[in-house]
Amino acid sequence: MTELMRAAAFAEPGGPDVLKVMELPAPQAGPGQVRVRVRAAGVQPFDAAVRAGWLPPYLGEMGYPRIPGNEFAGVVDQVGEDVTGVAVGAEVLGFTALSSYAEYVVVPAANVTAKPAKVPWEVAGGLTAGVQTAELAIDGVGLAEGETLLVHGAAGSVGTAAVQIARRRGATVIGTAREANHDYLRALGAVPVVYGEGLADRVRALAPGGVDAALDGAGGHALEVSMELVRDRARIVTLVEHGRAAELGVRLVQGDRSAERLGRYAALYAKGAFAFPVRRTYRLEEAAQAHREIETGHGQGKIVITI
Ligand SMILES: NC(=O)c1ccc[n+]([C@@H]2O[C@H](COP(=O)([O-])OP(=O)(O)OC[C@H]3O[C@@H](n4cnc5c(N)ncnc54)[C@H](OP(=O)(O)O)[C@@H]3O)[C@@H](O)[C@H]2O)c1
């Protein structure tokens, strides 16, 4: 008999309400894979785009129903052949390409790392995208001690990680956000600034020595301002303007996600040396609400679904 699981999935693309809890076949771990009983799954803007019908080309053709979710934390409950170093019962966090808004997810064993006991489930479940994206982006633009990095969208999940990673490398960070998020940014170690008209002048006033590099987590005006302030376009990375990056000579995030990197930040969190605030958690049944919230495009920290 087919084993079933509960998942928040959609049978056709559309608005948040197409996300429903469905009973679907539970995946089984094959060679080199582990199956995880998911306890928490992070929510990304990416997931809302997938729900609306977009698929990144690397995923190829895919039928319905589709289960969104690239991030998860949970307990290993199956280990496939040829897997070493991960055992049934291990508490892990990891990454996938879709499928994590579900009771079970199957991934290559190399996509998980041990969850330190001091990292709560909801933090572990939403940690991947922010830290992987932020570190790859900062590695791409390069950042030396004493330099200044401008982070647009600094209060979001990638921004939260980027501010702290850059501070750990000895950089000064200017972070853009609505005024309501400025205390949050100060606590992370950034100098906050309001985005919108006049941003370039406000940043110049805060960085008389200039801005060395920029991470664009907002697109549009944020990217224009970055190009106005940063001399070398190769030191600008955009998370948003995928279609225009090559023509403008700015970077996209490049490189693979890694369990090693994820484990490093989980360990820092456990030591109290890295913050990753969860804005709000939703139950699986509330996945549509979680998507409505992520689609506002505003707010601080991470949205997580608990399962
Ligand atoms: N590999 C990749 O390229 C990659 C990976 C991950 C994410 N992304 C993309 O990166 C972006 C950020 O992702 P995320 O997960 O951090 O999203 P998020 O958690 O939803 O955060 C978005 C942040 O943007 C801020 N914001 C909204 N409008 C802004 C503006 N005009 N200027 C500056 N900040 C603004 C919001 O803060 P306020 O409340 O202050 O407005 C919010 O904190 C998304 O577009 C996502 O799709 C790309």
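Here SER258 meets each of (1) more than 16 Å from the chain's Cα centre (by Cα); (2) surrounded by fewer than 21 Cβ atoms within 10 Å (Cβ to Cβ); (3) hydroxyl-bearing (Ser, Thr, Tyr) with one exception, condition (1). Applying the selection to segment 41-55, what residues are outside any loop (DSSP other than H, G, I, E, B), within 15 Å of the chain's Cα centre (by Cα) and either surrounded by 21 or more Cβ atoms within 10 Å (Cβ to Cβ) or more than 9 Å from the ligand (Cβ to nearest atom) (or both)? Result: ALA41, GLY42, VAL43, ASP47, ALA48, VAL50.
For the structure I just gave you, tell me whether GLY60 is small (Gly, Ala, Ser), in the same structural domain as VAL119 (by TED's automatic domain parsing) and out of contact with any Asp or Glu (no Cβ under 8 Å at 6 or more places or on another chain).
Numbers: small (Gly, Ala, Ser): yes; in the same structural domain as VAL119 (by TED's automatic domain parsing): yes; out of contact with any Asp or Glu (no Cβ under 8 Å at 6 or more places or on another chain): yes.
When the stated conditions are applied, GLY60 passes them.
When GLY217 is tested against (1) near the ligand (Cβ under 9 Å from one of its atoms); (2) in contact with a helix residue (DSSP H, G or I) (Cβ under 6 Å, 6 or more places away or on another chain); (3) more than 18 Å from VAL230 (Cα to Cα), only condition (3) is not met.
Residues that are part of a helix (DSSP H, G or I) and either among the polar types (S, T, N, Q) or within 15 Å of the chain's Cα centre (by Cα) (or both) within segment 264-289 comprise TYR265, ALA266, GLN289, listed in sequence order. Which members of segment 112-130 meet the condition of being away from the ligand (no atom under 16 Å from the Cβ) and part of a helix (DSSP H, G or I)? TRP121, ALA124, listed by residue number.
Looking across segment 141-188 at every residue that is farther than 12 Å from GLY130 by Cβ and of a type in the set (Ser, Thr, Tyr), the one that is surrounded by the most Cβ atoms within 10 Å (Cβ to Cβ) is identified as THR176. All told, PRO208 meets the bar of being modelled with pLDDT under 95 and either exposed (fewer than 13 other Cβ atoms within 10 Å of the Cβ) or of a type outside the set (Lys, Arg) (or both).
Considering only residues in segment 240-257 that are more than 10 Å from the ligand (Cβ to nearest atom) and aliphatic (A, V, I, L, M), the one that is farthest from VAL131 (Cα to Cα) turns out to be LEU248. Find the residue count for segment 195-205, including only residues that are exposed (fewer than 15 other Cβ atoms within 10 Å of the Cβ) and β-branched (Val, Ile, Thr). Matching residues across segment 195-205 total 0.
Listed here are the residues, each with its yes/no results for (1) out of contact with any strand residue (DSSP E or B) (no Cβ under 6 Å at 6 or more places or on another chain); (2) in a helix (DSSP H, G or I).
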position: ALA137; (1), (2): no, yes
position: VAL151; (1), (2): no, no
position: ALA161; (1), (2): yes, yes
position: ASP201; (1), (2): yes, yes
position: ALA218; (1), (2): no, no
position: GLU224; (1), (2): yes, yes
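For segment 259-307, the set of residues classified as within 24 Å of PRO116 (Cβ to Cβ), charged (D, E, K, R) and within 12 Å of the ligand (Cβ to nearest atom) consists of ARG279, ARG280, LYS302, listed by residue number. Take ARG186 and decide whether it is within 20 Å of ILE236 (Cβ to Cβ) and more than 9 Å from the ligand (Cβ to nearest atom). So ARG186 fails the test.
The values are calculated or read from the model by the stated rules, or taken from the named source; none is laboratory data. Quantities reported herein were computed from a predicted structural model and do not represent experimental measurements. We place every Cβ from the backbone using ideal geometry, glycine too, and count neighbours over all the protein chains shown.
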